[in-house]
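Visitor: The structure's right below; bear with me while I get my questions together.
Just so it is clear, none of the values below were taken in a lab; they were calculated from the coordinates. Values in this document were obtained by computation on a predicted structure and should not be read as measured data. Backbone-built Cβ (ideal geometry, glycine too); neighbour counts: all protein chains shown.
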Amino acid sequence: MLQKAVALSFALASGSVAAGCPDFLDHDLRKLHSSELVNLCELSAGKPLLVVNTASHCGYTRQFEGLQKLYEKYRDAGLEVVGFASDDFRQEARDEEEAAQVCYVNFGVTFTMIAPTHVRGANANPVFRELAEQTQAPAWNFNKYLVDATGKVVGQFGSSTVPQSPEMEKAIAAVLRQTPGN
């Protein structure tokens, strides 16, 4: 607890944590197949996020392609995409090296991917606990949550909604228009 308080104090002093960032995003999370940590407050810095629970061996795994295309299309406008690898539905790779291969090599993912974590139930990480509180827990892999710059979920899309669906594109465009600086 003291260590987190010291880290937060240092982050605030250095200006690395965005003012007004919601607590549920203010966590250091390990990137997939890496020792590097990422803080979603620092990553988003007042920008909207598209948060997705992912799995390497699922019928929806090809959605990595569409998520990457969304990221490429909207990142300069301020959208950040964050994938959370998870084995909650028993379809993740056997190890992080294989999961990284699927994401980075097979599908060319360049958006932030988080190391495997729980996304539902009592052991869900803080991000997905809050997403479930605001909407609902993921029912399967590749649930997509569009979160505005204040941390409010403004759109929740199930596994069968493809990333380039008109519904998702419209919601992303709307949240980007409402984001200061756009």
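Visitor: Using θ = phi - 60° and the Karplus curve 6.51 cos²θ - 1.76 cosθ + 1.60, what whole-Hz ³J(HN,Hα) does each residue of the range 101-108 get, with Gly and Pro shown as x?
Guide: 4, 4, 5, 7, 8, 5, 10, x
Visitor: While we're here: Which residues' amide hydrogens lie under 5 Å from the amide hydrogen of residue 114, considering only partners 5 or more residues apart or on another chain, with H built in the peptide plane?
Guide: Result for residue 114 returns 32, 83, 84, 85.
Visitor: What full-extension length gain, to one decimal in nm, is calculated for residue 75 and residue 177 as 0.36 nm per residue of separation minus the Cα-Cα distance? Numbers along the way, then the final one.
Guide: On the way: separation 102, 0.36 × 102 = 36.72 nm, distance 1.34 nm.
Gain on extension, residue 75 to residue 177, equals 35.4 nm.
Visitor: Among 56, 79, 44, which residue has its Cα positioned farthest towards the positive end of the charge dipole of the range 17-102, with +1 placed on the Cβ of Lys and Arg, -1 on the Cβ of Asp and Glu, and the dipole taken about the Cα centre?
Guide: Toward the positive end, the furthest listed residue is 79.
Visitor: Return the Rg/Rh value of the range 115-174, two decimal places, where both radii are evaluated on C-alpha atoms and Rh is the Kirkwood radius.
Guide: Working: Rg = 11.8 Å, Rh = 12.1 Å.
Ratio of gyration radius to Kirkwood radius: 0.97.
Visitor: I'd like the FRET efficiency for residue 31 and residue 57, computed as 1/(1 + (r/R0)^6) with the beta carbon distance as r and R0 of 22 Å, rounded to 0.05. Intermediate results must be reported in sequence, preceding the final value.
Guide: Working: r = 20 Å, r/R0 = 0.92.
The computed FRET efficiency comes out at 0.60.
Visitor: With no other cysteine's Cβ closer than 4.7 Å, which Cys residues of the chain count as lacking a disulfide-compatible partner?
Guide: 58, 103
Visitor: Same structure again: Between residue 150 and residue 118, 0.36 nm times their residue separation minus their Cα-Cα distance comes to what? Walk me through the intermediate numbers first.
Guide: Details: separation 32, 0.36 × 32 = 11.52 nm, distance 2.36 nm.
That works out to 9.2 nm of additional length.
Visitor: Let me ask another. Place the peptides 47-55, 130-138 in order of packing, highest mean first, counting for every residue the other Cβ atoms within 10 Å and averaging per peptide. Let's see the in-between values first.
Guide: Working: 47-55: 25.7, 130-138: 17.6.
Put in order of decreasing packing, that is 47-55, 130-138.
Visitor: Could you give me D for the chain, from Stokes-Einstein at 25 °C and 0.890 mPa s, where the hydrodynamic radius is the Kirkwood radius over C-alpha pairs? Units µm² s⁻¹, please. List each step's numbers first, then the result.
Guide: Working: Rh = 16.5 Å.
Value of D from the Cα-based Kirkwood radius: 149 µm²/s.
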